[in-house]
Amino acid sequence: MTSAAVALGNRYLFKTPYVLHIQDLWPESVIDSGMVSAGWKGKALHALIGFGLRPIYRGAKHIIVISSGMKDALIERGVDASKISVVLNWDGNENPDPAGISTSSIIERTAESAIAGIHCIYAGNIGQMQDVETIVRAASLVENEFPIRISIYGSGVAESAISSLIKDLGLKSVQLMGRVSQDKMAEIYDQADFLFVTLKDRPVFRMTIPSKFQASMANGVPVITTVQGDLAEICIDSGVGFVANAEDPRSLADVLRKANALDSEARARMSLRAEQYYRDEMSAELALGRVACVLESASKR
């Protein structure tokens with residue numbers, strides 16, 4: 001917001017056009033993330049930030065957002081739809097090989113899971129808003145029904161509570177793996193059948209596409225998500241994963257049953273769709289090309 005204010009000043013003083021690239025929509029990202037209480041202080045801050053952003057939106061030559069839901073939210077605030085473009089984020093560690101992931105490696109991975117049981121991973125921050133608790137509780141509902149392995153990579157403020165919950169429930173299928181370096185992630189993705197993308201149900205998250213989704217698609221790993229809104233629509237429309245209700249262990253357990261019921265060929269097809277979706281909609285080449293077009297157009301005063 002502060003950097004955008006500087007751009008607005010340059011716009012008025014020197015007629016310099018600027019483009020906003022919005023990754024987190026304020027004030028929702030501040031209020032709904034739990035950083036500020038939802039009481040009168042939160043409402044006052046919401047109004048104050050909203051008031052301050054109006055001239056910034058109005059002064060921008062163009063606005064780039066990362067989801068359709070974010071575009072709709074800006075239109076509701078009076079921003080002209082013609083000056084908003086949706087450019088999905090890309091994975092900063094995407095495979096540079098234009099051939100992508102080999103079909104044989106995907107088939108081999110899915111064939112192994114048909115014997116040992118599906119392997120689902122969570123990779124990222126283990127915080128309050130990530131709702132890893134729902135994953136653990138869902139696992140407790142299906143652990144005795146079919147073979148399943150759930151590996152949780154990462155750390156965060158909720159890690160201790162999650163560790164205690166796993167012990168209290170006596171789970172053998174869920175393991176906390178700790179933090180790993182980025183260079184190890186490709187190997188981890190290669191061993192996964194599904195990747196969890198979970199968040200609590202908050203309005204701001206309905207127009208959020210977490211970065212772990214891009215990473216999952218880039219590596220040909222279908223997702224199991226509880227994120228409602230834009231991400232749920234992508235998963236359903238593109239057939240790249242399953243969607244459960246947010247903060248609902250029973251709903252997530254039902255999705256795990258559906259995932260387990262897929263045969264190896266169906267899982268392989270879903271994996272190939274995931275990678276193809278990334279290349280068609282989210283690749284760095286595609287996204288940067290779209291951003292470049294916006295910047296070129298905006299530079300023409």
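The values are calculated or read from the model by the stated rules, or taken from the named source; none is laboratory data. What you are looking at is a predicted structure, and each value in this text was computed from that prediction instead of being measured. Heads up, the Cβs are rebuilt from the backbone with ideal geometry, glycines too, and the neighbour counts pull from every protein chain shown.
Candidates in the stretch 193-206 are the residues that are surrounded by 24 or more Cβ atoms within 10 Å (Cβ to Cβ) and touching a residue at least 60 places away in the same chain (Cβ under 8 Å); of these, the one that is farthest from residue 67 (Cα to Cα) is 193. Among residues of the stretch 238-253 being touching a Leu at 6+ places or on another chain (Cβ under 9 Å) and of a type in the set (A, V, I, L, M, F, W, C), the one that is farthest from residue 194 (Cα to Cα) is 246.
Residues in the stretch 84-102 that are at pLDDT below 95 and touching a Lys or Arg at 6+ places or on another chain (Cβ under 8 Å): 100 only. Taking (1) surrounded by 15 or more Cβ atoms within 10 Å (Cβ to Cβ); (2) part of a loop (DSSP other than H, G, I, E, B) in turn, residue 170 satisfies each apart from (1). Please verify whether residue 69 is outside the structural domain of residue 268 (by TED's automatic domain parsing), at pLDDT 85 or above and touching a helix residue (DSSP H, G or I) at 6+ places or on another chain (Cβ under 6 Å), treating the condition exactly as stated. Yes; evaluated as a whole, the condition is true for this residue.
For the stretch 254-301: of the residues being within 17 Å of residue 221 (Cβ to Cβ) and in contact with a Leu (Cβ under 7 Å, 6 or more places away or on another chain), which is surrounded by the most Cβ atoms within 10 Å (Cβ to Cβ)?
So the residue we want is 282.
Helices (runs of 4 or more DSSP H) fully within the stretch 243-301 that include at least 1 residues being touching a Lys or Arg at 6+ places or on another chain (Cβ under 6 Å): 249-261, 284-298. Report the residue count in the stretch 173-212 for those that are closer than 19 Å to residue 240 by Cα and assigned to a strand (DSSP E or B). Count: 4. All conditions but one from (1) crowded, with 20+ Cβ neighbours inside 10 Å; (2) at negative phi apply to residue 220; the one that does not is (2). With respect to the conditions (1) of a type outside the set (Ser, Thr, Tyr); (2) over 10 Å from the mean Cα position of the chain (by Cα); (3) at pLDDT 95 or above; (4) not in a helix (DSSP H, G or I), residue 227 lacks only one, and its number is (2).
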